[in-house]
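The values are calculated or read from the model by the stated rules, or taken from the named source; none is laboratory data. Note that the structure is a prediction, hence the values are computed from the model and not measured. Ideal geometry is used to build each Cβ from the backbone, glycine not excepted, and the neighbour counts take in all protein chains shown. Ligands, DNA and RNA are excluded from the accessible area calculation, which covers all protein heavy atoms including side chains. Shrake-Rupley method; radii C 1.70, N 1.55, O 1.52, S 1.80 Å.
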Amino acid sequence: MLLKCRDLTAGYGRLPILHDLQFEVAEGEMVAVLGPNGAGKTTLMKTLARVLPVMSGTLEFQGQPVTSWGAAKAAQH
């Protein structure tokens, strides 16, 4: 699995925007994130890029936990 997200909660400060999000992306798959304004699309992308912290849950890239990675390390991978 290329990217795996389990029970992810993330947001700004103490305000969670994403609640218990779960998904998997296999190598070679294309994924689209759709939704209305305010649905959390940008928050998700910032969390995946490690610009925003993960409040709870797990985030893995190629089987490695990346929850503690900073944005610079995420960009390298």
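Take residue 42 and decide whether it is open to solvent by 50 Å² or more (accessible area, probe 1.4 Å) and not in a loop (DSSP other than H, G, I, E, B).
Here the answer is yes, as residue 42 does meet what is asked.
In segment 45-77, what residues are part of a loop (DSSP other than H, G, I, E, B), under 17 Å from residue 12 (Cα atoms), open to solvent by 60 Å² or more (accessible area, probe 1.4 Å) and out of contact with any Ser or Thr (no Cβ under 9 Å at 6 or more places or on another chain)?
Hits for segment 45-77 are 51, 68.
Please specify each residue of segment 34-50 satisfying the condition of being hydrophobic (A, V, I, L, M, F, W, C) and more than 23 Å from residue 76 (Cβ to Cβ).
Residues satisfying the conditions are 34, 39.
Yes/no per residue for (1) under 12 Å from residue 17 (Cα atoms); (2) of a type outside the set (A, V, I, L, M, F, W, C); (3) touching a strand residue (DSSP E or B) at 6+ places or on another chain (Cβ under 6 Å); (4) modelled with pLDDT under 90:
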site	(1), (2), (3), (4)
39	yes, no, no, no
48	no, no, no, no
52	yes, no, yes, no
58	no, yes, yes, no
63	no, yes, no, no
66	no, no, yes, no
74	no, no, no, yes
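Residues of segment 3-39 being open to solvent by less than 80 Å² (accessible area, probe 1.4 Å), in contact (Cβ under 8 Å) with a residue 40 or more places away in the chain and more than 23 Å from residue 62 (Cβ to Cβ), which ones?
Residue satisfying the conditions is 11 alone.
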